[in-house]
């Protein structure tokens, strides 16, 4: 009973972590859909099919939370109390669903790890090294070999280059914050991840985390700092296997028992003397940003933070009101929309739509209105 009560109270934090997973899964799925046929083998395709189904179910869980459970900041005590009672059953259902999703994710990862070595030996040629069993590394593994080809990331590569140029133009060694602004489905997370890839060799550490719409300065902040710390303490060796340096492993060994101040102090120590790039994805309020911003490590090595948000005022606040550090993500052009649709519908190597289907394609693209997520879904 005690465990169930804890699960019901922790649903909000569980959903935040689920949103992190979902954002990365969606980006990985888009990468896979745009990869060349030879770049992703049958084994990886089957694995990605399972990931896609998991992503759909995760999205349903998040929708249930946002529509039925999440409390509103304006709710008074009586409304909150009533809401707790009314949402008791949905919370219980959601807690069970999240546990089931996590179990499925573990099963998918373990199955992949169990068979990957055998499949590696059977491949006549290996376009990629062993595909790791974590989502973030999968994104890198599924990227086409010729990642500089602008056609590989429809509508994203050029925007990423613009944002990279904006970031490199700022020569100040102080921490600089850049914002990517646009409504849901435009590809803000994918753009941020592509910028991170292009700048990978120029930063000692990187991390990507997302923020809850109802972010608070207590448990949510602690969870966010914990996720950042877990990522920046992980480095890649020459053979691309993820390892943790011994000194860093010792210093973050008790991370689960740390409070906000201890996590902040440890994060500062871990990033001492290092240049870092952190993505804070989907910030909803200025108050949430102010809380997060107050805990950022104050290094002077040209570190950068990228914030994605749907709210224009939040984006301006994050970038300090500077137009040089504010980027409004663009919809896909009609040409890019057609290119993405054709690849998604007829295969990565397809370049045109059959004549008899062009009218239907144009109707679909008109409804999608340049939204990448709508097109690939």
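Using 0.36 nm per residue of separation minus the Cα-Cα distance, give me the extension gain between residue 274 and residue 334 in nm, one decimal. Spell out each step's value before the answer.
Values: separation 60, 0.36 × 60 = 21.60 nm, distance 4.21 nm.
Here the answer is 17.4 nm.
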On the formula 1/(1 + (r/R0)^6), with r taken between the Cβ atoms of residue 301 and residue 259 and R0 of 22 Å, the FRET efficiency rounded to 0.05 is 0.20
In nanometres, the difference between 0.36 nm per residue of separation and the alpha-carbon distance of residue 161 and residue 345 is 63.5 nm
Computed from the beta carbon distance with a Förster radius of 45 Å, FRET efficiency for residue 168 and residue 93 to the nearest 0.05 stands at 0.40
Taking a crude spin-label model, label points 7 Å out from Cα along the C-beta direction, the residue 45 to residue 286 distance in nm is 5.1
Percent antiparallel among DSSP beta bridges confined to region 155-329, nearest 5, equals 10
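Quick check on region 155-329: take the gyration tensor over C-alpha atoms, sort the square-rooted eigenvalues as a ≥ b ≥ c, and tell me if it's rounded (a/c under 1.5), prolate or oblate.
It comes out oblate by the Cα gyration axes.
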Length gained, residue 374-residue 216, 0.36 nm per residue minus C-alpha separation, equals 53.8 nm
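Bear in mind these aren't lab numbers, they're just calculated from the coordinates by the rules spelled out. Model, not experiment: these values are computed from the prediction. For neighbour counting, all protein chains shown are included, and Cβ atoms are generated from backbone atoms with ideal geometry for every residue, glycine included.
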